[in-house]
Amino acid sequence: MRIYLFIAAVAACATYLFTPLIRHLAIRLGAVGQVRKRDVHTIPTPRMGGVAMLCGYVVSMLFASHIPFLKSVFHANAQAWVVLAGGVLICLLGVADDVWDLDWMLKLAGQLLIAVFVAWGGLQIITLPLGTLITASPTLSIAITALLIVVSINAVNFVDGLDGLAAGIVAIGGIAFGIYSYILARTSPSYASLATLIDIAMVGICCGFLLHNWHPAKLFMGDSGSMLLGYLITCASIVMTGRIDPASVHASIYLPAFMPILLPILVLFLPVLDMILAITRRLSKGQSPMHPDRMHLHHRMLRIGHSVQGAVLILWGWAALIAFCSVLLLFYPPVNVLIGFVVAGTLLTIATLYPYFRRRWNEGDFDDADKATITAVAQHMRRRK
C-alpha cells in the first residue's frame, strides 16, 4: 500500500508543478474559455489543464516502472503502455477542442477511433455475464470496450461545469475502485495490480490539479482533462476484468468478477445520469444531443441557491455515497449497506434542498402549520444526532 501511496504523491506533486506552466502555455495558444451564457465563471479562464494531468500521469508511470514491486505490471504485457498511449491521444484530441472548439461529431469520431485503437491493442472485455459467463468474439469485445470508453469519456465531460466538480467526482470514484482492486489483488501470489496503479495515479493527478482548480479556478481542465479522466477510470476497470475463464468461475462470484464492468457506471453515476438527462432533454426538443444549455445537475444546484463550493461539496457527497456503497456491497450484508445508504442519503437530501426551503420560508410561502411541521422534523433530526 505504501508504494501505491508514493505513486499517488508523485502524480499529485508532478501535476501541481506542471499546472502553472500549462496555464501560461494555454494563454499563449489562445485556449481561453470565454464567458458564455451557460457558463458559471465570470472572467475568461485558461483551459487545457488536462495536459498538466497527463504530465503527472506520465511521470508517475515512469516512476512506477522502475520500482521492483511494480515491474511485473509493465513486463507481463503491453497493457500499461497501451493505456498510456491512448491517454496521450485522447488528451491531444481534447487539446485540439480546447484550442479550436471542434465540431461534436468530429470529436466523437476521434474518441471512437482512439477507443478502438486501445481495444485493438489488447485492452478488452473478453467475457460477458449473460446468465453464464460467455466468451465474446474479438469483434464484439472491441465494440463493447470502445463503447464503454466513449460513454465514460463523455459522461465526465458533461459534468465538468463547476470548479473542482469533475476532478473531485473522479477522484472519489478512483479511491473506491482502487480500494476494491487492491483488496482483490491481495488474493493473488503477486498482488501488484495495473488496475490499482492506474486508479491511484489518477487520484493523484486529480488531487494535484484540484489545488489550482478550486473555486475560483486559475485553470480549467478543459476537454483535454475531462476526457482523460473518463478514459483512465474506464481503462482501470477493463484491466481488472481481465480474461476470465468461463469454466473456472463459480456462479457465486459472478458479481465480484464483473463488478469492474459495473463500477465505472456506479462510481460515475452522477455524470452518467446527467449525460442521459441532457441527451433526452435535448432530443425531446429536437436539438442536437450536444447542444449546450443550463439545465445540468450543477446548474440546478446553483438555481436552488447553493454557492459554487457548496454545490460541488454536496455533489461530491452523492458521488461518494453511491461509489462506496457499491463497493461495500461486495464485503458487507446488503441490508447493512442499505441502512447506511438510507441514513446518509436522507442527510444529503436535506443538505441539497435546504437553500430552497429556506428561501420559501423567508418569502412566506409556508403557513403556520407548515412551519410547525418543519420545525418539529428539524428538532427530531437534531435529537437523533
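Would you mind listing the helices (runs of 4 or more DSSP H) fully within the stretch 294-365 where at least 1 residues are at pLDDT 90 or above and crowded, with 16+ Cβ neighbours inside 10 Å?
Of the helices (runs of 4 or more DSSP H) lying wholly inside the stretch 294-365, those with at least 1 residues that are at pLDDT 90 or above and crowded, with 16+ Cβ neighbours inside 10 Å span 308-328, 334-362.
Mind telling me which of the residues 289, 271 ends up being at pLDDT 70 or above and either part of a helix (DSSP H, G or I) or in contact with an Asp or Glu (Cβ under 9 Å, 6 or more places away or on another chain) (or both)?
After applying the criteria, what remains is 271.
State all residues of the stretch 204-219 that are more than 16 Å from the chain's Cα centre (by Cα) and within 17 Å of residue 309 (Cβ to Cβ); if no residue qualifies, say none.
Once the filter is applied, which keeps residues that are more than 16 Å from the chain's Cα centre (by Cα) and within 17 Å of residue 309 (Cβ to Cβ), the stretch 204-219 yields 211, 212, 214, 215, 216, 217, 218.
So, of the residues in the stretch 131-165 that are in a loop (DSSP other than H, G, I, E, B) and under 27 Å from residue 279 (Cα atoms), which turns out to be modelled with the lowest pLDDT?
161
List the number of the failed condition for residue 118; all other conditions in (1) within 30 Å of residue 318 (Cα to Cα); (2) at pLDDT 90 or above hold.
Evaluating residue 118 over (1) within 30 Å of residue 318 (Cα to Cα); (2) at pLDDT 90 or above leaves (1) as the failure.
Among the numbered criteria (1) surrounded by 15 or more Cβ atoms within 10 Å (Cβ to Cβ); (2) within 22 Å of the chain's Cα centre (by Cα); (3) of a type outside the set (Val, Ile, Thr); (4) in a helix (DSSP H, G or I), which one does residue 63 miss?
(2)
Residue 76 is checked against (1) more than 19 Å from the chain's Cα centre (by Cα); (2) aliphatic (A, V, I, L, M); (3) buried (at least 21 other Cβ atoms within 10 Å of the Cβ) and fails just one. What number does that condition carry?
Just one mismatch for residue 76, condition (3).
Quick test for you: out of 200, 179, pick the one residue that is more than 24 Å from residue 46 (Cα to Cα), buried (at least 24 other Cβ atoms within 10 Å of the Cβ) and touching a residue at least 60 places away in the same chain (Cβ under 8 Å).
Result of the check over 200, 179: 200.
With 128, 113, 106 as the choices, which residue is at pLDDT below 90 and either surrounded by fewer than 16 Cβ atoms within 10 Å (Cβ to Cβ) or farther than 21 Å from residue 84 by Cα (or both)?
128
The values are calculated or read from the model by the stated rules, or taken from the named source; none is laboratory data. Computed from a prediction, not measured in an experiment: that's the story for all the values here. Positions of Cβ are generated from backbone atoms using ideal geometry, with glycine treated the same way; all protein chains shown enter the neighbour counts.
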